[in-house]
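Chemist: Handing you this structure, nothing more for now.
The values are calculated or read from the model by the stated rules, or taken from the named source; none is laboratory data. Worth saying up front: this structure is predicted, and the values here are computed from it rather than measured. Methodologically, a virtual Cβ is constructed for each residue, glycine included, from the backbone with ideal geometry; neighbour enumeration extends over all protein chains shown. The accessibility values were calculated without ligands, DNA or RNA, using every heavy atom of the protein model including side chains. Shrake-Rupley method; radii C 1.70, N 1.55, O 1.52, S 1.80 Å.
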Amino acid sequence: MAEIIQERIEDRIPELEQLERVGLFSHAEIKAIIKKASDLEYKIQRRTLFKEDFINYVQYEINLLELIQRRRTRIKYSFKRDEIENSIVHRVQGVFRRASAKWKDDVQLWLSYVVFCKKWAAKEQLSKVFSAMLAIHSNKPALWIMAAKWEMEDRLSSESARQLFLRALRFHPECPKLYQEYFRMELMHAEKLRKEKQELEKADMDDLRNLDYPQEILKGELARIIYKNSVSIIKGAEFHVSLLSIAQLFDFAKDLQKEIYDDLQTLHTDDPLTWDYVARRELEIASKPGEEQPTTKSAKALEVCRREDRCSAVYEEAVKTLPTGPMWKCYINFCLERFSKKTNSEFLRGKRLERTMIAFRKAHGLKLLSESQYKQWACVPLWISWAEWTEGAKSQEDTEAVFKKAVLAVMGPDSVTLKDKYLDWAYRSGGYKKARAVFKSLQESRPFSVDFFRKMIQFEKEQESCKMANLREFYERALREFGSTDSDLWMDYIKEELNHPLGRPENCGQIYWRAMKMLQGESAEVFVAKHAMHQAGHQ
């Protein structure tokens, strides 16, 4: 083994001498490299081999290559690359070959080999690496795609890429991703040929007469064949839509796009994804040719509103034709997406909000909302936004209808804020009488906030004839909910009996002892202290 290591070190001498001669490394650094190289060589030449030793060897050599590059830049020296870098690159390739032969199943090792070759090695060498890797890992479509993309994009060989895709499909005849990337590759190839032909025509080159640009290829006929074959094998709207999305990236493929779009509607009418795609397409359809483009903000908002209305019309037809949970989910997701988009137009925001809430209500009425959608529907800001919008744009009856629906739809702690907003609106829009009616309608709809009752107490006190009987009712209802924790409520109740013209000071003692029974822990201590201070202030 010592002889082999010595021989390997001697092989390095010419490149090391060059590194020192041209001033990239000092003599001391060269000696350090030789020592480190000897250690690394020993580890990959011994009888028992470890993958980590090969990885460490490769990483050291890559670090050395990068250091050489940095020093070349620093001293502005660009010669002797064949004698220096190429020698190191060939050595690393040899180490990779040995490692990948021993640990064939390690995909990550192969990919590291590929990455190294992409950066440092010749293109021909990388093609061989891909071939060796695919011979072992033919069961991995992603590797076939990687190899084909290399041939197409880096080696500029569409024929090699095509052959790789065809071989891959023999191994994986039902792999959607392979068909998608093969389809994309043929469209890219057609686009590239079209650009070449246009450039030659512009330059009026004689070469154009000698080159063959078949019309079928230029129109994307090879991609069309892949499309037809793949949709006959892989069923479903999702795959069909994926090919259409790829085709739409290429402006020259309008005929192919139309064919795929028409087939989608014919073959997958019963799939929600089809309707979802068709509806959303309306967003992309601008004004008709010849029509004046909107310029003002209000005109632009109106144009967006028209497009969204067209989308909504398609969805409305969809949920009639296909009245299923998944179809309603597509519609509601669309509504929520549009509502979440920022806009300065109150008109557009209102339309989006109204459309969203109506869609939720309809789906709820048909019992076609999923659990997650019910959670979306019970999002309090959505209901509050709707109520606020109707307050400015609709009648009081419409606003109240929204609040009533919201109270039924939103349950638990989230409903507390909603009830507070409802009571505020009632007093703001219909005065005390309206607020009291809302309070009564909600008085058993737990949970509440303390503010809900304090608002009603304040509304009562703002009236010309503030009735003590009503105040007692509100305090008693509040204490039923919060009497065990809120010492301020008890204290304010006592003050009310003392200060109101129709109050009964004789009730204060009874209220005090009720408070002492109900309040717990620190709340009771706080109450006693506040009560004592209040009495001291009145003496």
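Chemist: Dipole of the chain (Lys/Arg Cβ +1, Asp/Glu Cβ -1, origin at the Cα centre): which of Ile44, His500, Thr296 lies farthest to the positive side?
Modeler: After comparing all options, I get His500.
Chemist: Moving on. Relative to the longest principal axis of the chain, what angle (0 to 90°, nearest 10) does the C-alpha long axis of helix 107-120 take?
Modeler: Roughly 70 degrees, rounded to the nearest 10.
Chemist: Just to be sure I understand: if I project the alpha-carbon convex hull of the chain onto a plane and average over all orientations, what area do I get in nm²?
Modeler: Projected area, direction-averaged: 46.6 nm².
Chemist: Now for a different question. Below 8 Å between Cα atoms, with a sequence gap of 6+, how large is the relative contact order for the chain in percent?
Modeler: Once normalised by length, the contact order is 5 percent.
Chemist: Shifting gears a bit: Would you kindly state how much longer the chain becomes between Tyr213 and Arg454 on full extension, computed as 0.36 nm times their sequence separation minus their alpha carbon distance, in nm to one decimal?
Modeler: That works out to 78.5 nm of additional length.
Chemist: Moving to a separate point now. If a/c stays under 1.5 just call it rounded; otherwise compare a/b with b/c (prolate if a/b is bigger, oblate if not). Do that for segment 41-101, with a ≥ b ≥ c from the square roots of the Cα gyration tensor eigenvalues.
Modeler: prolate
Chemist: If I compute solvent accessible area with a 1.4 Å probe over the protein chains, what percent of it on the chain is carbon and sulfur?
Modeler: C and S fraction of accessible area: 52 percent.
Chemist: With a cut-off of 18 Å, note down the residues of segment 233-260 whose backbone N falls inside the zone around a label point 7 Å from the Cα of Arg281 toward its beta carbon.
Modeler: From segment 233-260, the list is 236-260.
Chemist: What whole-number value in Å² describes the accessible area per residue of the chain for a 1.4 Å probe?
Modeler: 55 Å²
Chemist: Nearest 20 debye, what's the magnitude of the dipole of segment 1-159 about its Cα centre given +1 on Lys and Arg Cβ and -1 on Asp and Glu Cβ?
Modeler: 300 debye
Chemist: About the Cα centre of the chain, how large is the charge dipole given +1 on each Lys and Arg Cβ and -1 on each Asp and Glu Cβ? Please answer in debye to the nearest 20.
Modeler: Magnitude of the dipole: close to 580 debye.
Chemist: Rounded if a/c is under 1.5, else prolate if a/b beats b/c, else oblate: with a ≥ b ≥ c from the C-alpha gyration tensor eigenvalues square-rooted, which is segment 283-416?
Modeler: Cα axes put segment 283-416 in the oblate bin.
Chemist: Same structure, new question: Are there any GluC sites (Glu not before Pro) in segment 396-446 that are in a DSSP loop and have at most 11 other Cβ atoms within 10 Å? List them by number.
Modeler: Answer by residue number: Glu444.
Chemist: Take Lys495 and Ser298, extend 7 Å from each Cα along the Cα→Cβ direction, and tell me the distance between the two endpoints in nm.
Modeler: That separation, rounded to one decimal, is 5.1 nm.
Chemist: At 222 nm, what value in deg cm²/dmol follows for the chain if DSSP H runs of at least 4 each add -39500 (n - 2.57) and the sum is divided by all its residues, to the nearest 500?
Modeler: -25000 deg cm²/dmol
Chemist: Right, next: Sort 462-473, 223-234 by the packing proxy (mean of other Cβ within 10 Å over each peptide's residues), most packed first.
Modeler: Per-residue Cβ counts within 10 Å, averaged per peptide and sorted highest first, yield 223-234, 462-473.
Chemist: Continuing with the same structure: If R0 is 56 Å, what FRET efficiency do you get for Ala2 and Glu159 from their C-beta distance, rounded to 0.05?
Modeler: Computed FRET efficiency for Ala2 and Glu159: 0.65.
Chemist: If you don't mind, another one. Roughly how far apart, in whole Å, are the Cα centres of segment 486-539 and segment 20-69?
Modeler: Cα centroid to Cα centroid, the span is 86 Å.
Chemist: Mind checking the full-extension length gain between Arg167 and Ser395? Use 0.36 nm per residue of separation minus the Cα-Cα distance, one decimal, nm.
Modeler: 75.3 nm
Chemist: Further, regarding this structure: Work from the charge dipole of segment 39-186 (Cβ charges, +1 for Lys and Arg, -1 for Asp and Glu, about the Cα centre) and give the residue of Asn63, Ser100, Trp144 farthest towards its positive end.
Modeler: Value: Asn63.
Chemist: How far is it, in nm, from the label point at Glu444 to the one at Lys342 when both lie 7 Å from their Cα along the line to the Cβ?
Modeler: Result for the modelled spin labels: 4.7 nm.
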